[in-house]
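These notes concern the structure reproduced below.
The values are calculated or read from the model by the stated rules, or taken from the named source; none is laboratory data. Just so it is clear, the model here is predicted, and its values are computed rather than measured. Methodologically, a virtual Cβ is constructed for each residue, glycine included, from the backbone with ideal geometry; neighbour enumeration extends over all protein chains shown. Just the protein is used for accessible areas: all its heavy atoms, side chains included, with ligands, DNA and RNA removed. Shrake-Rupley method; radii C 1.70, N 1.55, O 1.52, S 1.80 Å.
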Amino acid sequence: NIYVNNLNIDDAVVYVQSGNKLAAAILAGLVRNIKGIDNCHVTNSSLISNDYGGGLVGQLYTRASDQMVIMSNCSVDENTVIKGNSYLGGLVGCNYGSLIINSTNAAYVSGNTYVGGITGYNIPYQNYRNAYVIGCGNSGNVNGKFHVGSIIGNNVKDAKNQPYSEAGMIACYSTAAIIDAS
């Protein structure tokens with residue numbers, strides 16, 4: 001039962017070498033089967049990634065047999081920059097069957113496809129784990145070519161046509177601009 005809480009990361013630089021497809025982020029590249037992440041904050045930092053890059057987590061991942069992963073009360077500040085190719089988010093690159101609650105992003109996020117202020121890609125895990133962004137806010141500009149959003153870049157109900165899973169956002173806001181780089 002790992003639980004990450006009350007962590008402040010300042011002045012971090014994460015660089016992923018071109019061609020490397022590993023998930024990367026300021027806090028953790030992949031988070032799976034932990035109790036949660038709460039009250040964690042990133043300031044004055046930068047991430048240059050390829051795919052699955054986030055200000056806090058590259059991939060937030062909950063499978064059917066896992067304990068539900070919940071990220072709450074976290075933030076990334078306006079002095080942080082997230083750049084890469086695909087699946088990029090101010091907080092989470094790809095939210096796969098997990099919950100992101102009451103968190104904010106102010107970082108500039110720039111990529112190619114699946115780029116979002118909170119998460120670049122939001123998808124449930126088959127019929128078992130819903131993926132939601134709840135009560136989150138974004139004030140950081142988002143730049144991309146395809147599937148770009150100020151909160152979620154691409155929200156997928158379920159890629160495998162499973163009828164009992166959901167993905168979406170509830171009570172979120174954005175004051176950011178979406179910049180179309182195509």
| request: Out of the residues in the stretch 1-18 that are among the aliphatic types (A, V, I, L, M) and open to solvent by 100 Å² or more (accessible area, probe 1.4 Å), state the one that is nearest to Gln67 (Cα to Cα). | output: Ile2
| task | Collect the residues in the stretch 130-146 that are touching a Ser or Thr at 6+ places or on another chain (Cβ under 8 Å), surrounded by fewer than 20 Cβ atoms within 10 Å (Cβ to Cβ) and part of a strand (DSSP E or B), keeping them in residue-number order. | result | Asn143, Phe146
| message | Restricting to the stretch 130-146, name every residue that is of a type in the set (A, V, I, L, M, F, W, C) and modelled with pLDDT of 95 or more. | response | Val133, Ile134, Cys136, Val142
| query | If you go through the stretch 76-89 one residue at a time, how many are touching a residue at least 40 places away in the same chain (Cβ under 8 Å), more than 12 Å from Val148 (Cα to Cα) and under 12 Å from the mean Cα position of the chain (by Cα)? | reply | 1
| remark: Screening Tyr52, Tyr108 for residues that are open to solvent by 40 Å² or more (accessible area, probe 1.4 Å), within 16 Å of Ala23 (Cβ to Cβ) and in contact with a strand residue (DSSP E or B) (Cβ under 9 Å, 6 or more places away or on another chain) leaves only Tyr52
| Which numbered condition trips up Asn85, out of (1) within 18 Å of Val31 (Cβ to Cβ); (2) surrounded by fewer than 24 Cβ atoms within 10 Å (Cβ to Cβ)? | (1)
| Can you tell me how many residues in the stretch 20-46 are assigned to a strand (DSSP E or B) and surrounded by fewer than 24 Cβ atoms within 10 Å (Cβ to Cβ)? | 10
| query | Can you tell me how many residues in the stretch 47-59 are within 15 Å of Val4 (Cβ to Cβ) and either assigned to a loop (DSSP other than H, G, I, E, B) or in contact (Cβ under 8 Å) with a residue 40 or more places away in the chain (or both)? | reply | 3
| query | Can you tell me which residues in the stretch 147-182 are at pLDDT 80 or above and part of a loop (DSSP other than H, G, I, E, B)? | reply | Ser150, Ile151, Val156, Glu166, Ala171, Cys172, Thr175, Ala176, Ala177
| said: Restricting to the stretch 111-129, count the residues that are part of a loop (DSSP other than H, G, I, E, B), at pLDDT below 95 and open to solvent by 10 Å² or more (accessible area, probe 1.4 Å). | reply: 3
| field | Residues satisfying the stated conditions in the stretch 60-82, i.e. part of a strand (DSSP E or B), at pLDDT 95 or above and surrounded by 19 or more Cβ atoms within 10 Å (Cβ to Cβ) | value | Met71, Ser75, Val76, Ile82
